Structures are given as C-alpha cells and as structure tokens.
1. Could you tell me the accessible area of Val101 in Å² (1.4 Å probe, neighbours in place), rounded to the nearest ten?
2. Give the accessible surface of the chain per residue, rounded to a whole number of Å², with probe radius 1.4 Å and ligands, DNA and RNA excluded.
3. Projecting each Cα onto the charge dipole of the chain (Lys/Arg +1, Asp/Glu -1 at the beta carbon, about the Cα centre), which of Val149, Gln67, Pro26 comes out farthest on the positive side?
4. With every protein chain left in place, what is the accessible area of Asp238 in Å² (1.4 Å probe, nearest 10)?
5. So between Asp164 and Val135, what do we pick up on full extension, going 0.36 nm a residue minus the alpha carbon distance?
6. Could you state how much accessible area Arg57 has, in square angstrom rounded to the nearest 10, with a 1.4 Å probe and all protein chains kept in place?
7. In the Gaussian network model of the chain, springs joining C-alpha atoms below 10 Å, which of Leu197, Leu62, Leu240 carries the largest mean-square fluctuation?
8. Probe radius 1.4 Å, ligands and nucleic acids left out: which of Tyr35, Tyr154 has the largest accessible area, and how do the rest follow?
Amino acid sequence: MDSRVVLIGGPTVLIEVGGVRLLTDPTFDPAGSSYSLGPVRLGKVAGPALAAAALGRVDAVLLSHDQHPDNLDGAGREFLRTVPMVLTTPAAAARLGGAAVGLAPGERCAVRGVGGSVTVTGVSAQHGPPRLSSVLGPVTGFLVQPDGVRESIYVSGDTVAVDDVPAVPVGLAVLHGGAARLPAFGEAGLSFTAADLVAVAGRLGDCPVMVVHHEGWDHFGEEPAAVAAAFTRAGIADRLVPLTPGGTAAFRLS
C-alpha cells in the first residue's frame, strides 16, 4: 500500500495511509515561544514548516501526551478542536474531553477516512526513568494498521523504553529522538538517544526509520547529525528516512 509522510517539525508529522490522514502531536506555535512548567522551562527555537490551516482534512490526531507543550502547544490545542477524533492516553482524554479517546496499551480504535480505515493500537511508552513517572506523567505510542495490510506504522511517542518496541511487522517506524534532558531532572534521559534509536531499529527488523522530535526545541541533548552518525556506524544508514521539516517521503506497506 502506497503511503506518505510529511514532517511539519518537532514531533508533528502528517501520515497519509489507507485513505486516512493522521497527525501526530500538534505543535504549531511560532519560534521564540517559551513555556514554564514549575521548575522547568521549554523554549521553541523553530516554528512549523506548515501552518495548521494548510493541512486540509485530518481524520484523527495521535497525541502521545497532553501535559508537555513540546508535544501539544497552544496552537496545537486549538487544532484539536477541528478534528473528529483525538487518540491519546486515558489521563489526557479525561483532561481534554470532547473528541478525545483514551487508549491503554493494547487497546484498539478504528479511524475512518474518505478512502478507507485503519486500526490504531496503543503501545506502552515510558517518558524517562520510573522514578520520574509521577512527575512526567503517562505517554503512549501507537501502531497504525490499514485494513487488509500485514504491516503497521509504529509511532513511538516520547519514550526511553527500548524493550517496549512492539513485536509485530512494521513497515515504517516514526521514532522520537533528541536525547532530551532538563536541568531540574539532572542527567535523566527523557527520550531516545541515538544509541537507543539504533537498538530500536535492530528490534524492528529492516523497516525504514524516520526520526522526529530532535529539532526545534532547546532541551535536546543530541543534534540530528548524531543519529545519522550512529546509524552509519551500525551499518544501517540506508534505513534512515532523510527528512527535514517541510519534507515529504513516500513509503509502502505490504
């Protein structure tokens, strides 16, 4: 099945598959936006490559979590009001209300578009070490499987749990990188490092890998070049989807 992805910036990706249009973690605030969360401050250093108004129809949002503005900023919250369904964690769904549907790990939900439908399944994710779980809150990943197709798209969300990678056929992996760290939490890693991404790629077989959420914000510990170097050292550089914000890539699920 021919499909495509558009990288809008940060964690925000438009996925067109099986006649369905999905958007991940909407972040549409401009560069220079700043957000204070108690002892933590996040700064946005790059705006979206595409405005929300330019996207056209979106059948559902895949929202890994709502509690951090680098995954759902102010304009992203406004965008949620325009879509018929928001799939997210049960905790986020309770806070957001409206069109939000909570998916625990393993739970499924059908999403219909004008040209078909897909099944979205919640995937376990861990946003940092267990000792910070109560501070950082729950996160989810997703599997997206079109009807009649064996392979799925895996969207990791913000996670450090390499062992939670689903053991199913995956035709495209959209992985959150950046090795995020915040001074308030010391050296604790909050998202996949380049080494983690290589390990996850190894668990997923030979599917293409699109790394997102490793640019556009000031709390990342690794530049995108670190990922390219790690994949090159591991001999799997050909599996990286070379997208910069605004770019489009085609792929095929079998």
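1. 50
2. Heavy-atom accessible area per residue stands at 39 Å².
3. The one lying farthest along the dipole's positive direction is Val149.
4. Here the residue's solvent-accessible area equals roughly 130 Å².
5. 8.4 nm
6. 90
7. Leu240
8. Descending accessible area places them as Tyr35, Tyr154.
The values are calculated or read from the model by the stated rules, or taken from the named source; none is laboratory data. Everything numeric here is computed off the predicted structure, so don't read it as measured data. Note that each Cβ is placed from the backbone with ideal geometry, even for glycine, and that neighbours are counted across all protein chains shown. The area values use the complete protein model at the heavy-atom level, side chains included, leaving out ligands, DNA and RNA. Shrake-Rupley method; radii C 1.70, N 1.55, O 1.52, S 1.80 Å.
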